[in-house]
Amino acid sequence: GDSVTQMEGPVTLSEEAFLTINCTYTATGYPSLFWYVQYPGEGLQLLLKATKADDKGSNKGFEATYRKETTSFHLEKGSVQVSDSAVYFCALPASGGSYIPTFGRGTSLIVHP
Amino acid sequence: GAGVSQSPSNKVTEKGKDVELRCDPISGHTALYWYRQSLGQGLEFLIYFQGNSAPDKSGLPSDRFSAERTGGSVSTLTIQRTQQEDSAVYLCASSSGTGYDEQYFGPGTRLTVT
C-alpha cells in the first residue's frame, strides 16, 4: 500500500535559517502530493501541493518539488520565522479502492528568535 | 466562507462517562473524515463518510466508538464508557471528493478523560 516517510523531529532552527524537511513516498502511479501545516492548537491546513512530476508547489515562502525519480517531495524555506513553528505533514491522497489519504507522522519545527 | 467547525473545543469527562463530539463540514462537501491525534503523535484514521454512509469504519478502535452523519452534513462521534486512553485531540475533515482532493480540517476537540 501507499506510505509516506518523513524525517524525525523536532527540527530546531534559529530565525532566518534555511529549512529542509524530507519526505519520501511509495505509491502506485503518480498521485498528487501535499504538505499540510498544523499550528499550535489548530487543525491541519493545506500549505502547498503538486499534481504531477516536476511540479513545484509554493506558498508563504515554502516550496516543494515533485521528484518522480527519487519519489520525494521535500519541503524547503530559505529563511524561517518564529511564526513558522508548527508541525508539518507530508501526505498522499487516496488511491485505488481506498478513500483514505496517507499522512506522514509529522515533523515538528521549532524556530527560536 | 465558513470552514469546518467542531464542538466542543475542549471536553473534560470522568472515566466511564459517554461523550459526543460534533463536526459541521463545509457546505456541499460529501466526504467527511474523523481522525484522532494523541499527544505528539501523527493522525490516526477513525472513520470515513460519503454522504450519510460510512464505507470505511476500519479505524474505530473498539465498539465503544461509533459515528453517524445526517442530512449529508453534520456528524457526531460518540465514545461510550470513556477510558483514559481515549484522551486525545479528535479532528474532523471534509472534502468535496472522495479523498483524492485536499482535505479541510476543523480545529479539533481536545478530550481529556480523568
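Restricting region B:90-114 to residues that are buried (at least 21 other Cβ atoms within 10 Å of the Cβ) and touching a Lys or Arg at 6+ places or on another chain (Cβ under 9 Å), the residue that is nearest to the other protein chains (Cβ to nearest Cβ) is B:91.
Here the condition is being surrounded by 13 or more Cβ atoms within 10 Å (Cβ to Cβ) and under 29 Å from residue B:6 (Cα atoms); of A:19, A:46, A:13, it holds for A:46 alone. Scoring residue B:47 on the criteria (1) within 14 Å of chain A (Cβ to nearest Cβ); (2) at negative phi; (3) more than 15 Å from the chain's Cα centre (by Cα) leaves a single failure, condition (3). Specify the residue that is farthest from residue A:62 (Cα to Cα); the eligible residues are those in region A:26-51 that are touching a residue at least 12 places away in the same chain (Cβ under 8 Å) and small (Gly, Ala, Ser). The qualifying residue farthest from residue A:62 (Cα to Cα) is A:29. Which ones in region B:1-24 are away from chain A (no Cβ under 12 Å) and of a type in the set (S, T, N, Q)? Residues satisfying the conditions are B:7, B:13.
Number of residues in region A:63-104 that are assigned to a loop (DSSP other than H, G, I, E, B) and either at pLDDT 95 or above or not basic (Lys, Arg) (or both) equals 21. State which residue is surrounded by the most Cβ atoms within 10 Å (Cβ to Cβ) when the search covers only region B:25-44 and only residues that are more than 9 Å from chain A (Cβ to nearest Cβ) and without any contact (Cβ under 8 Å) to a residue 60 or more places away in the chain. The extreme case among them is B:34.
Residues that are within 11 Å of another protein chain (Cβ to nearest Cβ) and farther than 16 Å from residue A:105 by Cβ number at least 2 in the following strands (runs of 3 or more DSSP E) confined to region A:1-54: A:44-50.
Restricting A:61, A:97 to residues that are among the small types (Gly, Ala, Ser) and loosely packed, with under 13 Cβ neighbours inside 10 Å narrows the list to A:97.
Residue A:64 passes every criterion in (1) under 29 Å from residue B:3 (Cα atoms); (2) in contact with a helix residue (DSSP H, G or I) (Cβ under 7 Å, 6 or more places away or on another chain) apart from (2). Selection within region B:50-59: residues that are small (Gly, Ala, Ser) and outside any strand (DSSP E or B). The member of this set that is farthest from the other protein chains (Cβ to nearest Cβ) is B:51.
The values are calculated or read from the model by the stated rules, or taken from the named source; none is laboratory data. Computed from a prediction, not measured in an experiment: that's the story for all the values here. Counting neighbours? That spans all protein chains shown, and the Cβs are built from the backbone with ideal geometry, glycine included.
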